[in-house]
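Trainee: Let me begin by handing over the structure; questions about it come next.
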Amino acid sequence: MEWVKKLENKLSLEYIKQELLRTAFSTEKSFFTQLDPRILLAWYSYFAIVPWFIYEHVTLVGYLLFMILLTIIARVSPLILTVLSIGLAGEILLLGFIALFFGGDLSIVAPMFWLSIKLAVISLASVTVFSSINPEKFSDALLRFGVPAQFSFSVAYAYRILPTLLEEFQQIILSYRLRGLAPSKNGVLYFRKIYYYIMILIKSFYPLILNSAKRSRTTVEALEIKGFSYAAKDKRVLKMKTSYLQTSQMDWLFLLLTVCYVVIVHGLQLIF
Amino acid sequence: MLKKPATFTQSQKMMIFILSMSLYGLSNMFTELIPSVQLGPIELQIDCFAFIPLALCMLFHPFYAAIGAATGEIIFGELMLGQFGGIGEIEKFILFSIGMIVGGLVVRNPKKKAQVALGAILGYGLFLVLSTIVDILKIVIGVEEFEAVPGLAESIFIVEGVEFLTDFLLTGTLFTVLPALYLVPRLYGKVEPLLGLKPRTAANFRVSDVITLKFISVSALLSLGALGIALLSELDFNLGSWEPEFVDTYGNGVIWGVIGVAILCVCITLWLMMKKGKENSHDLS
């Protein structure tokens with residue numbers, strides 16, 4: 001039962017809180033952080049859609065190599081990469097086993113393997129872009145693309161409110177635990193303990209919903225005092241707000257590089 | 001008795017949106033982190049705390065609560081943790097919102113437990129059914145000659161079916177129906193005044209206020225778009241196998257020429273980027 005103790009340590013609220021804050025607020029400086037978010041989003045939309053319709057192996061491998069190189073440059077956190085690769089490998093293995101079970105043979109694995117490469121290209125592209133994009137810049141780029149102001153406000157708001165929310169959630173759970181009586185026995189497979197914690201978790205949303213309702217009213221009233229919903233519709237305000245977004249030479253060089261690389265890969269595909 | 005339908009001002013809609021977004025987003029961060037338990041091929045994991053958006057959809061305007069929750073998931077659960085799935089998230093956004101809206105519409109009187117339970121099951125169940133269908137479709141599109149591989153179709157259906165059942169039984173009961181039954185009647189009449197709203201009654205809540213003509217047309221357009229993408233791939237629309245005619249006329253030499261020029265361009269671009277990068281780092285120091 002050593003691992004249960006370990007898990008209990010890992011699952012302590014304080015640990016989760018710190019882990020969440022660390023992941024949410026740390027953006028490492030890399031090559032991609034200096035690029036314009038609009039260029040990055042346009043670049044990403046190519047690599048998120050086009051690979052779905054490519055079935056040629058040479059092209060897929062070429063795309064994958066490019067993505068791996070970019071992931072290294074972007075310094076994506078190893079934790080995310082591990083989660084990604086375990087998920088991809090696990091899916092193939094599981095499907096292979098089930099296919100064998102049904103009397104098929106391992107020929108099922110080959111098409112699934114190419115599908116996984118396709119998925120890997122797409123997910124690496126998104127990891128590279130979204131782990132190095134600054135949330136504030138991202139929301140402004142969305143504003144510029146015509147996404148409703150409510151959404152881009154939410155991105156910024158979420159980053160501001162997260163520490164407060166976590167703090168409050170922790171306080172509520174702690175007070176429930178102080179007042180309640182924890183089960184003395186663990187029960188079969190820790191059933192009693194798990195049941196007890198789940199009950200606390202659900203109950204603690206009751207005060208949390210009431211408190212958040214008050215807070216969201218305050219927030220919206222404060223926004224309206226500053227004329228948020230009128231400003232959101234005004235084109236001039238939008239222009240003023242996002243005027244700092246400017247493409248540099250680096251952005252166009254990056255796009256040019258990508259275009260050339262894609263041309264090379266598709267050219268090789270035609271030859272082989 | 002007030003017969004007037006409940007009206008929502010712009011800022012009340014925004015309040016509902018923000019409330020739903022921050023609460024569901026917070027819960028989503030936890031479900032992303034809670035590890036799953038593997039029992040052989042069956043994976044037990046908490047999919048989401050669907051009771052939060054469902055409870056809010058039952059108490060407030062379902063549309064804004066549902067959209068807020070779906071937005072919260074994208075921002076808290078994906079963007080902040082650095083695992084945004086890109087375009088794939090849009091499909092989840094739409095499906096999740098549809099499920100939650102339907103769940104919220106079923107409930108006319110939040111004090112009646114039977115209605116709340118029905119709404120919770122319907123809402124979450126609809127979302128699960130839709131997302132299972134989309135998952136299967138995705139593999140059918142992504143794998144070439146899907147029907148030709150023996151055993152593939154069966155195993156996909158088994159995997160997706162098992163996932164659907166475990167999600168529905170575990171998350172559906174423990175984290176959807178039971179908490180909704182606990183929370184909704186308790187919150188009813190308490191949380192609405194905090195946002196300056198009247199509690200929902202059968203008299204002031206009409207389905208036609210939510211399902212407007214605009215809503216129907218937008219959702220019809222969205223589903224048409226999704227169908228279009230699915231059809232596009234059925235038509236063997238294949239970007240990689242584009243073979244232009246000039247290859248036949250001039251042979252592979254032309255392609256080698258194009259590749260050569262492209263490589264030259266890559267080299268020049270890389271050189272320029274390095275130069276520029278050095279200048280930038282000088283500026284910073």
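Trainee: I'd like the FRET efficiency for B:THR7 and B:LEU221, computed as 1/(1 + (r/R0)^6) with the beta carbon distance as r and R0 of 25 Å, rounded to 0.05.
Mentor: 0.40
Trainee: Additional query: For region A:33-163, how big is Rg over Rh, using alpha carbon atoms and the Kirkwood form of Rh?
Mentor: On the Cα set of region A:33-163, Rg over Rh gives 1.07.
Trainee: Taking each full run of DSSP H in chain A as one helix, which ones are at least 15 Å long along their axis (Cα atoms) and have mean Kyte-Doolittle hydropathy of at least 0.5?
Mentor: Membrane-span-like by this rule: A:37-49, A:57-74, A:78-101, A:109-132, A:191-203, A:249-271.
Trainee: I would also like to ask the following. Can you pull a Stokes-Einstein diffusion coefficient for chain A at 25 °C (0.890 mPa s), Rh from Kirkwood over Cα pairs, as a whole number of µm²/s?
Mentor: 106
Trainee: While we're here: Would you mind checking region A:188-231 for residues with the amide N under 13 Å from a putative spin-label position 7 Å along Cα→C-beta of A:SER175?
Mentor: A:204-212
Trainee: In percent, what relative contact order does chain A have, based on Cα pairs under 8 Å that are 6 or more apart in sequence?
Mentor: 28
Trainee: Which ordering of A:ARG215, A:ARG179 is given by a fewest-first count of other beta-carbon atoms within 10 Å?
Mentor: Placing the least packed residue first, the sequence is A:ARG179, A:ARG215.
Trainee: Here's something else I'd like to know. Distance in nm between label sites at A:VAL58 and A:ALA231, each 7 Å beyond Cα in the beta-carbon direction?
Mentor: 5.5
Trainee: Once you order the gyration tensor axes a ≥ b ≥ c over the Cα atoms, which shape class does region A:156-272 get: rounded for a/c under 1.5, otherwise prolate or oblate by comparing a/b with b/c?
Mentor: Oblate.
Trainee: Determine which residues of region B:184-198 fall in the zone a paramagnetic label at A:LEU210 would reach in this model, i.e. backbone nitrogen under 16 Å from the point 7 Å along Cα→Cβ.
Mentor: B:184-196
Trainee: Hey, fewest Cβ within 10 Å first, where do B:SER223, A:SER154 land in order?
Mentor: In order of increasing Cβ crowding within 10 Å: B:SER223, A:SER154.
Trainee: Moving on. May I ask you to sort B:THR173, A:THR128 by Cβ crowding, counting other Cβ atoms within 10 Å and putting the fewest first?
Mentor: By the 10 Å Cβ count, ascending: B:THR173, A:THR128.
Trainee: Here is a follow-up. Grab the beta carbon distance between A:ILE68 and B:ALA203, set R0 = 56 Å, and tell me the FRET efficiency rounded to 0.05.
Mentor: That pair, A:ILE68 with B:ALA203, gives E of 0.35.
Trainee: Follow-up. At 7 Å along Cα-to-Cβ for each site, give me the label-to-label distance between A:GLU224 and A:ARG192 in nm.
Mentor: 5.1
Trainee: On to the next question. How much mean residue ellipticity at 222 nm does chain A get from its helices, if each DSSP H run of length 4 or more adds -39500 (n - 2.57) and you divide by all residues, to the nearest 500 deg cm²/dmol?
Mentor: The helix-only estimate for chain A comes to -26000 deg cm²/dmol at 222 nm.
Laboratory data are not the source of any read-out in this text; all were calculated from the coordinates shown. Since this is a predicted model, take the numbers as computed values, not measurements. Please note: Cβ atoms are built from the backbone with ideal geometry, for glycine as well, and neighbour counts cover all protein chains shown.
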